[in-house]
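**Student:** The structure under discussion is supplied below as structure tokens; questions concerning it will follow.
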There are 2 protein chains.
Amino acid sequence: MRMKPLILISNDDGITSKGIKFLADIMRELGEVVIVAPDSPQSGQGHAITIEDPLRYHKSDLFSDWGIEAYQCSGTPADCIKLAKNHILPKKPDLVVSGVNHGSNTSVSVLYSGTMSAALEGTIEGLPSVGFSVCDYSYDAEFEHTREWVKKVAQSVLENGLPQGTALNVNFPKYNGEPIKGMKVGRQAKGRWHEQFDERVNPSGRKYLWLTGKFVNPDTSEDTDEFAIEQNYGSIVPTKIDLTDYNYLEELKGVWEE
Amino acid sequence: MRMKPLILISNDDGITSKGIKFLADIMRELGEVVIVAPDSPQSGQGHAITIEDPLRYHKSDLFSDWGIEAYQCSGTPADCIKLAKNHILPKKPDLVVSGVNHGSNTSVSVLYSGTMSAALEGTIEGLPSVGFSVCDYSYDAEFEHTREWVKKVAQSVLENGLPQGTALNVNFPKYNGEPIKGMKVGRQAKGRWHEQFDERVNPSGRKYLWLTGKFVNPDTSEDTDEFAIEQNYGSIVPTKIDLTDYNYLEELKGVWEE
């Protein structure tokens with residue numbers, strides 16, 4: 001008899017979020033699940049790790065009805081994966097999944113994403129890893145329309161693995177009453193956030209600012225994650241931990257090396 | 001007469017660090033300098049941004065002897081760049097430089113690096129951007145051996161610009177008594193950190209952990225940043241904000257799209 005695969009789950013919205021419970025509910029059909037997730041929301045944490053402060057973690061019974069071992073950790077999503085792999089888990093997981101995030105991680109948002117930082121940390125540790133997000137920022141986001149596709153992507157990665165150094169960044173449209181049409185594989189769209197700072201004054205008369213902004217995407221090409229989402233498809237972007245710009249490398253060598 | 005270029009400086013070690021002062025001292029020879037940097041050290045912050053808390057900033061007179069306008073900010077390195085470009089600066093800077101970091105940002109460390117997140121944020125904002133680091137983690141790190149090369153790299157970027165979507169990740173060896181041999185252009189080495197968690201007990205009997213680790217690099221290829229540093233060269237890696245794995249994209253399309 002084949003052993004059930006070991007699946008490690010984390011996220012950046014924290015262990016009490018609706019999205020991680022949804023993900024755990026799917027993953028328990030596919031294998032033995034362990035959850036190691038932040039004890040509070042960590043959105044926008046990028047690939048932060050905790051090196052100047054101590055880390056704490058303890059067992060949580062939030063998932064005990066499902067027989068799932070779960071831990072909440074004071075650190076970032078990337079910390080959670082490091083802690084799970086090198087301290088908590090008795091063996092190497094077969095799959096790392098992160099999410100399902102309440103909010104989009106398409107286009108340049110991948111760089112700010114705690115969800116994807118957990119997945120990319122799995123990739124750094126040599127583990128097949130996937131980050132899942134739904135383009136719905138509300139605490140009570142709808143996830144059910146993605147269930148079949150989340151399961152298919154996870155099954156596919158369990159069966160086929162992923163190239164060394166590459167994770168999957170999977171995004172789904174916000175539920176609009178229609179079923180998702182399927183999955184499209186594409187590239188990260190060249191959009192960005194146009195920031196604004198909303199200035200306020202506190203009761204003591206001191207100024208503070210809120211970072212706000214609007215996502216702007218001039219990149220309307222049909223091979224992008226943004227296009228897939230607009231068309232009510234799920235989007236899969238294979239996402240690398242090697243940031244080297246190989247196209248520019250040779251030109252730059254010409255500048256610096258005779 | 002040509003206007004002097006406007007150069008924006010940030011870092012992740014904080015506005016009081018030795019490395020940012022060194023960088024400002026070089027940049028003031030090349031243009032008009034404005035500093036917007038974290039008010040406290042932010043190492044390991046990756047590409048974190050502050051969205052759930054307010055941001056604060058105020059003018060600092062740390063660099064007033066040099067006639068340099070400086071601001072310290074409660075946020076992350078990426079916040080500092082966003083704040084500078086969209087709130088503080090009267091016009092678009094011609095160059096963004098970050099650092100000089102006290103410690104290496106070669107190989108996979110680029111993903112955890114606050115220094116590089118400031119540079120990559122500049123790139124997202126469409127600005128030519130460079131992160132500088134010296135492989136010496138001490139507060140009192142030696143920087144003088146890199147002066148000539150930091151200046152040359154900044155001058156080159158001011159003159160030639162950079163491709164859209166690409167920053168430079170520049171690392172220098174720790175001072176070993178010998179001058180740096182020159183600059184090598186290469187790729188991010190495929191190394192990683194092997195983490196260990198050092199478990200302790202506080203006076204109340206509760207466990208806590210310190211994340212520690214050792215950098216391990218099985219990638220001994222001569223075209224890497226790690227090799228350049230070992231040979232006492234400065235390393236330049238052109239570094240992209242598009243994380244798409246284009247090599248794997250087509251194969252993955254075959255799996256998901258008929």
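Every number here is computed from the coordinates shown, using simple stated rules; none is lab data. None of these values were measured; they are calculated from a predicted model. Cβ placement follows ideal geometry from the backbone for every residue including glycine, while neighbour counts extend to all protein chains displayed.
**Student:** Shortest first and in nm with one decimal, please list how far the residue B:205 label point sits from its counterparts in the other copies (point 7 Å along Cα→Cβ).
**Tutor:** Shortest to longest, the spacings are 5.0 nm.
**Student:** What does the copy distance list look like for residue A:231, label position 7 Å along Cα→Cβ, in nm and ordered from shortest?
**Tutor:** So the label point of residue A:231 gives 4.6 nm to the other copies.
**Student:** Which of rounded, prolate or oblate describes the range B:166-258 when judged by the alpha-carbon gyration tensor and an a/c cut-off of 1.5?
**Tutor:** Working: a/c = 2.79, a/b = 1.12, b/c = 2.48.
Oblate, because a/c is 1.5 or more while a/b does not exceed b/c.
**Student:** By count of other Cβ within 10 Å, fewest leading, how are B:152, B:21 ordered?
**Tutor:** Working: B:152 14, B:21 18.
By the 10 Å Cβ count, ascending: B:152, B:21.
**Student:** What fraction of the DSSP beta bridges in chain A is antiparallel, stated in percent and rounded to the nearest 5?
**Tutor:** 45
**Student:** Further question on the same structure: So for the pair residue B:53, residue A:204, with labels modelled 7 Å out along Cα→Cβ, what separation do we get in nm?
**Tutor:** Calculated label separation equals 1.5 nm.
**Student:** Which of rounded, prolate or oblate describes chain B when judged by the alpha-carbon gyration tensor and an a/c cut-off of 1.5?
**Tutor:** rounded
**Student:** Here's another thing I want to ask about it. Fewest first, what order do B:12, B:219 take by the number of other Cβ atoms within 10 Å?
**Tutor:** Lowest count first: B:219, B:12.
**Student:** Can you tell me which of B:96-105, A:37-46, B:46-55, B:241-250 comes out highest on packing, and rank the rest after it, using the mean Cβ neighbours within 10 Å? Display every interim value, and only then the final one.
**Tutor:** Values: B:96-105: 29.1, A:37-46: 23.3, B:46-55: 20.9, B:241-250: 17.7.
Result, highest mean Cβ count within 10 Å first: B:96-105, A:37-46, B:46-55, B:241-250.
**Student:** If you take each beta carbon of peptide B:204-212 and count the beta carbons of other chains within 10 angstrom, what is the mean?
**Tutor:** Across the residues of B:204-212, the mean count of other-chain Cβ atoms within 10 Å is 5.
**Student:** Mind counting lysine pairs for me in the range A:8-91? Cα separation below 22 Å, and the two need to be 8 or more apart along the chain or on different chains. Each step should come with its number before you reach the end.
**Tutor:** Working: A:18/A:59; A:21/A:59; A:21/A:82; A:21/A:85; A:59/A:82; A:59/A:85; A:59/A:91; A:82/A:91.
Value for the range A:8-91: 8.
**Student:** Still on this structure, please answer the following. Would you kindly work out, in nm and rounded to one decimal, the distances from the label point of residue A:67 to those of the same position in each other copy, ordered shortest first, with label points 7 Å along Cα-to-Cβ?
**Tutor:** So the label point of residue A:67 gives 7.5 nm to the other copies.
**Student:** I would also like to ask the following. Inside 10 Å of the C-beta atoms of A:37-47, what's the mean count of C-beta atoms belonging to other chains?
**Tutor:** Average neighbour count from other chains, rounded to a whole number: 5.
**Student:** For the protein assembly as shown, what is the Kirkwood hydrodynamic radius in Å, using each pair of distinct C-alpha atoms?
**Tutor:** Details: mean 1/r = 0.0429 Å⁻¹.
Answer for the protein assembly as shown: a Kirkwood hydrodynamic radius of 23.3 Å.
**Student:** Shifting gears a bit: Mind running the shape call on the range A:109-164? Use the C-alpha gyration tensor, a ≥ b ≥ c as the square roots of the eigenvalues: rounded below 1.5 for a/c, prolate if a/b tops b/c, oblate otherwise. Intermediate values should be presented prior to the final figure.
**Tutor:** Numbers: a/c = 3.33, a/b = 1.29, b/c = 2.59.
In terms of gyration-tensor shape, oblate.
**Student:** Further, regarding this structure: Evaluate the distance, in nm, between pseudo-label points positioned 7 Å from the Cα of residue A:64 and of residue B:181 along their respective Cα→Cβ axes.
**Tutor:** 6.1
**Student:** Quick one: if the Förster radius is 41 Å, what FRET efficiency do residue B:144 and residue B:222 give, using the C-beta to C-beta distance and rounding to 0.05?
**Tutor:** 0.90
**Student:** Need one number: nm distance between label points at residue B:212 and residue A:212, each 7 Å from Cα along Cα→Cβ, rounded to one decimal.
**Tutor:** 4.7
**Student:** Relative contact order for the range B:10-142 using alpha-carbon pairs under 8 Å, separation at least 6, rounded to a whole percent?
**Tutor:** 30
**Student:** Sorted from fewest to most neighbouring beta carbons within 10 Å, what does the list A:36, B:185 look like? Let's see the in-between values first.
**Tutor:** Details: A:36 29, B:185 24.
In increasing order of surrounding Cβ atoms, one gets B:185, A:36.
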